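Take a look at the structure set out below.
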2 protein chains.
Amino acid sequence: MSEKILPPRGTRDYAPEEMILKNRMFDIIRKVYESFGFVPLETPAFESWELLGAKGSGGEEIKNEIYYFKDKSGRELGLRFDLTAPLSRFVANNPNLVKPFKRYQIGRAWRYDRPQAGRFREFYQADVDIVGSSEPEAEAEVLAAGITALQELKIGEFYIKVNDRRILDALAVKQGLPEERIIEIFRSVDKLEKIGEEGVMQELKEKGFDLKKAKKFLNETNISGTNDKILAKLKKELPKNDAVTKLEKLIFLLEKYKVADKVKLDIKIARGLDYYTGPVFETIAVGNEDLGSIASGGRFDKLIGLYGGTDTPATGFSLGADRIFEIYKRQGKVPKRANSTELIIVNVTEETLDYAIEVSQKLRRQGINAETNLLKRNMKKQLDYANSKGIKYVAIVGENEKAKGTVTLKNMEKNEQKEVKVDDLTSILT
Amino acid sequence: MSEKILPPRGTRDYAPEEMILKNRMFDIIRKVYESFGFVPLETPAFESWELLGAKGSGGEEIKNEIYYFKDKSGRELGLRFDLTAPLSRFVANNPNLVKPFKRYQIGRAWRYDRPQAGRFREFYQADVDIVGSSEPEAEAEVLAAGITALQELKIGEFYIKVNDRRILDALAVKQGLPEERIIEIFRSVDKLEKIGEEGVMQELKEKGFDLKKAKKFLNETNISGTNDKILAKLKKELPKNDAVTKLEKLIFLLEKYKVADKVKLDIKIARGLDYYTGPVFETIAVGNEDLGSIASGGRFDKLIGLYGGTDTPATGFSLGADRIFEIYKRQGKVPKRANSTELIIVNVTEETLDYAIEVSQKLRRQGINAETNLLKRNMKKQLDYANSKGIKYVAIVGENEKAKGTVTLKNMEKNEQKEVKVDDLTSILT
């Protein structure tokens, strides 16, 4: 073989200069999530097809949208398409978890989508979920955690669209549309931004819905204005509706968290997945609307029961890490050079490499990231290597330094050098 | 569906109490690797079958040992079986990387093995590799980094067996065994500990090797004693052999790194994978020998060229994170309760939840991990929840505290409480 082999279509490598930034992203997210008391969980990359394809979860039709395969024993498996289904299985498998169970999970998921900007077939999600609470307090908390993370990540302006599926549900029923087929209406309505109102109407017509009723339904969802105005309108349209009451409480709580300014009620959003049962969320990054929702989620009160557990309410929010990374790229935040090295120790002769290694080990134990000569390079080539990595300081060691326990510390930017004791190096460098 | 669905055979969940420990493991490894100037890389979970199954890489026969599948367009793919093949592809795809290219990668790999203690079909590896150096300096560095990580991880006593395949090669040729079939002999010799000398002889017989020569060959590999003694014997047996000269240099360098006491030359080890071309490593955790090698690696000078790159020397070392985690479990290091929460704020009445949330947000911004009431629980139940999580401090807030900007801080262990100002909380807790 001599032809180049590339990563499979829809996947990508994260080169070191990108991965350093990505690790920083995940460290920030982890810290924020833990500040709310969320704890980490890890589940397998693949799950049984029985789980992924369950009706009310992915459904049979998801087989064409995931990586499905069989192991050597004929087990039907699939790469997970999100982190919500595995969480729900974990909770179903572990009925004695203390509730509320607040977990975060940062990991990959896979979908066989058409690749486009910021969208890959392999992608990272950073999820927070709260299991065991049916109160809007839970929605407020996952949104506050997610919003804080997005703020700390410094991605620029963004806002979160919030709706409750039951509001769409009630509005549809009010127009006389069939309740048992609401999910089909949701799927079409969810494409509103993609295919426009006309496209949605066309789809609904093909699905056999009464177009007049559908039109009236769509009109009803078309409420704009401030959150207060939308709530007032909804309270009039749907008096004593539990979803509306809880949305109002959610907005009140988000004000207490001081993040309400990031949230816009939007009665039109539905989300495509089957499993949502209440509030749903989508996030728009201003100026990066082409990326679609960069963080999404919602309530999934039926999923844990569906997977064999006791019916348990749950809600969550998921950051799309690759889309956020795409924003970083557009902001020019990916460093040009990947570097974790703080000091390169240059040995003047082959005979002083041993001393260079001893010095490097001493520095590492003191928290300095150090490199030595791995290629029997001469002094000039070692300095070239330091330059190509953009290293500010090198420590030059020859027989003189070896005998005296010193190094000649050279500032590569200023082109200045002076002899210093090894024991003084760390305090000079930090 | 109401039957429980479990994780697929050979995979497992990492529950929060385990995942907290695992994250700590990875943080330690990352820090050590970076102290040597290694930079992170991430590659896709699956690669093309063309790559995985290439002769000299996994080989056609590996199809039965991996998760192989096709995507909807018929592309042949497989979950990666290690992080070395993807690294080599990455280097082949990026010919302009500055050399030496020192990368680390922490990630999952998958093999369709028989599951056993500490061995899963889905497992984590933490690899360091140096690309671009054919000198023993590179082996010394990856071993020093790996050994330092294992020491920092505090897994107890361990030692690394080191050999060079070319020594086995030379000894086999010396006995008149066919050079082009050396890899088959390696595969059998690699099973020495598993199936014993008799088993190995039986296999070699079945493969059609001359038993007398094979026996003599095996005898020759049976050198024991100190590293110095083994080196002396090898220098006599194989004078001027490059592999022997480099092993001697490697031991010298490891002494300079002050980690040579962790390394034992062992001429019998070969490693099963096709792609090794020089030194090979295996790690035994004393008292946990049943786990097999907990960290392994070696030199793979042909792999990058095989994947379409310029021939580039490379060597590396890989920690088996799940086996190390198994040692932690045996050491009783997995915490009983998962917790990232430092303080729970208890609201006495529904009307003081808003104040509790405001206090919690203030604390989070000051670096305190805080939780509030997500379930409309009464005070007693909130205190029960704090107890069940093993939280030391709770902050109780009623109308009085809300009016004064204070909380009643309760030490749950001592059952003592006092009123403190919100602004003083962080300094009390840290």
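The values are calculated or read from the model by the stated rules, or taken from the named source; none is laboratory data. In this text, all values refer to a predicted model and were calculated from it rather than measured experimentally. Neighbour counts run over all protein chains shown; Cβ positions are idealised from the backbone, glycine included. Surface accessibility is based on the protein's heavy atoms, side chains included, excluding ligands, DNA and RNA. Shrake-Rupley method; radii C 1.70, N 1.55, O 1.52, S 1.80 Å.
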**Request:** Tell me which residues, restricted to region B:21-37, are open to solvent by 30 Å² or more (accessible area, probe 1.4 Å) and either within 7 Å of another protein chain (Cβ to nearest Cβ) or of a type in the set (S, T, N, Q) (or both).
**Result:** B:E34
**Which listed residue, of A:I357, A:I344, is open to solvent by less than 10 Å² (accessible area, probe 1.4 Å), touching a Phe, Trp or Tyr at 6+ places or on another chain (Cβ under 8 Å) and free of Cβ contacts under 8 Å to residues at least 24 places away in the same chain** = A:I357
**Complete:** Restricted to region B:60-93 and to residues being part of a helix (DSSP H, G or I) and open to solvent by 40 Å² or more (accessible area, probe 1.4 Å), the residue nearest to the other protein chains (Cβ to nearest Cβ) is B:N64
**Request:** Please find, within region A:416-430, the residue that is farthest from A:I391 (Cα to Cα) out of those that are touching a residue at least 60 places away in the same chain (Cβ under 8 Å) and part of a helix (DSSP H, G or I).
**Result:** A:V422
**Request:** Please tell me if B:V142 is in the same structural domain as B:V334 (by TED's automatic domain parsing), under 22 Å from A:N339 (Cβ atoms), touching a helix residue (DSSP H, G or I) at 6+ places or on another chain (Cβ under 6 Å) and open to solvent by less than 10 Å² (accessible area, probe 1.4 Å).
**Result:** no
**Message:** Kindly evaluate A:T352 against the criterion of being over 24 Å from B:K31 (Cα atoms) and open to solvent by 50 Å² or more (accessible area, probe 1.4 Å).
**Reply:** no
**Message:** Just to be sure before I move on: is A:F317 open to solvent by less than 30 Å² (accessible area, probe 1.4 Å), aromatic (F, W, Y), within 20 Å of the chain's Cα centre (by Cα) and farther than 18 Å from A:E139 by Cα in the structure I sent?
**Reply:** no
**Of all residues in region B:94-116 being open to solvent by 10 Å² or more (accessible area, probe 1.4 Å) and of a type in the set (S, T, N, Q), the one that is modelled with the lowest pLDDT** = B:Q116
**Fill in**
By residue number, the members of region A:38-59 that are surrounded by 23 or more Cβ atoms within 10 Å (Cβ to Cβ), free of Cβ contacts under 8 Å to residues at least 40 places away in the same chain and in a strand (DSSP E or B) are A:F46
**Request:** Please tell me if B:K240 is free of Cβ contacts under 8 Å to residues at least 40 places away in the same chain, over 33 Å from the mean Cα position of the chain (by Cα) and not in a helix (DSSP H, G or I).
**Result:** yes
**Request:** Consider B:S35 carefully, then state whether it is modelled with pLDDT under 95, in the same structural domain as B:G305 (by TED's automatic domain parsing) and in contact with a helix residue (DSSP H, G or I) (Cβ under 6 Å, 6 or more places away or on another chain).
**Result:** no
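Listed here are the residues, each with its yes/no results for (1) touching a residue at least 60 places away in the same chain (Cβ under 8 Å); (2) of a type outside the set (A, V, I, L, M, F, W, C); (3) in the same structural domain as B:N96 (by TED's automatic domain parsing); (4) over 19 Å from B:G272 (Cα atoms).
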| site | (1), (2), (3), (4) |
| --- | --- |
| B:D113 | yes, yes, yes, no |
| B:F120 | yes, no, yes, no |
| B:F123 | yes, no, yes, no |
| B:G132 | yes, yes, yes, yes |
| B:G146 | yes, yes, yes, yes |
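Taking into account only those residues within region B:64-77 that are charged (D, E, K, R) and touching a helix residue (DSSP H, G or I) at 6+ places or on another chain (Cβ under 8 Å), which is farthest from A:K72 (Cα to Cα)? Break it down stepwise before answering.
Restricting attention to region B:64-77, the residues satisfying the condition of being charged (D, E, K, R) are B:65, B:70-72, B:75-76.
Remaining after also requiring touching a helix residue (DSSP H, G or I) at 6+ places or on another chain (Cβ under 8 Å): B:72, B:76.
Numbers: B:K72: 20, B:E76: 16 Å.
Here the residue is B:K72.
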**Asked** Looking at (1) among the β-branched types (V, I, T); (2) at pLDDT below 85; (3) touching a Phe, Trp or Tyr at 6+ places or on another chain (Cβ under 9 Å), which is the one condition that is false for A:I182?
**Response** (3)
**Request:** Please tell me if A:E206 is more than 25 Å from B:R364 (Cβ to Cβ), without any contact (Cβ under 8 Å) to a residue 60 or more places away in the chain and not small (G, A, S).
**Result:** yes
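Every residue, every condition in (1) within 30 Å of the chain's Cα centre (by Cα); (2) surrounded by 17 or more Cβ atoms within 10 Å (Cβ to Cβ), yes or no:
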{"residue": "A:I155", "(1), (2)": "yes, yes"}
{"residue": "A:F158", "(1), (2)": "yes, yes"}
{"residue": "A:R165", "(1), (2)": "yes, yes"}
{"residue": "A:D169", "(1), (2)": "yes, yes"}
{"residue": "A:K174", "(1), (2)": "no, no"}
{"residue": "A:R181", "(1), (2)": "no, no"}
{"residue": "A:K191", "(1), (2)": "yes, no"}
{"residue": "A:K194", "(1), (2)": "yes, no"}
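For residues that are assigned to a helix (DSSP H, G or I) and not aromatic (F, W, Y), tally how many sit in region B:329-355.
Final tally of qualifying residues: 7.
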**Residues of region B:283-308 satisfying the condition of being part of a loop (DSSP other than H, G, I, E, B), surrounded by fewer than 21 Cβ atoms within 10 Å (Cβ to Cβ) and out of contact with any Ser or Thr (no Cβ under 7 Å at 6 or more places or on another chain)** = B:V286, B:G287, B:G292
**Asked** Can you tell me which residues in region A:10-35 are part of a loop (DSSP other than H, G, I, E, B) and touching a Ser or Thr at 6+ places or on another chain (Cβ under 8 Å)?
**Response** A:D13
**Prompt:** Looking at this structure, is B:K262 touching a residue at least 40 places away in the same chain (Cβ under 8 Å), surrounded by fewer than 22 Cβ atoms within 10 Å (Cβ to Cβ) and touching a helix residue (DSSP H, G or I) at 6+ places or on another chain (Cβ under 6 Å)?
**Reply:** yes
**Message:** Quick check on region A:380-415: of everything there that is more than 25 Å from A:A338 (Cα to Cα) and without any contact (Cβ under 8 Å) to a residue 40 or more places away in the chain, which residue is most open to solvent (accessible area, probe 1.4 Å)?
**Reply:** A:K404
**Request:** Select, from A:E358, A:E326, the only residue that is among the acidic types (D, E), outside any strand (DSSP E or B) and more than 10 Å from chain B (Cβ to nearest Cβ).
**Result:** A:E326
**Item:** Odd one out for B:R181 among (1) in contact with a Leu (Cβ under 6 Å, 6 or more places away or on another chain); (2) over 30 Å from B:D290 (Cβ atoms); (3) in the same structural domain as B:K268 (by TED's automatic domain parsing)
**Value:** (1)
**Message:** Within region B:214-231, does at least one residue satisfy the condition of being in the same structural domain as B:V259 (by TED's automatic domain parsing), in contact with a Leu (Cβ under 7 Å, 6 or more places away or on another chain), basic (K, R) and not in a loop (DSSP other than H, G, I, E, B)?
**Reply:** no
**Complete:** Residue set A:K70, A:K99; condition touching a Gly at 6+ places or on another chain (Cβ under 6 Å) and in the same structural domain as A:A149 (by TED's automatic domain parsing); output residue A:K99
**Request:** Hey, could you check region A:362-371 for residues that are open to solvent by 10 Å² or more (accessible area, probe 1.4 Å) and within 8 Å of chain B (Cβ to nearest Cβ) and say which is nearest to A:S427 (Cα to Cα)?
**Result:** A:G367
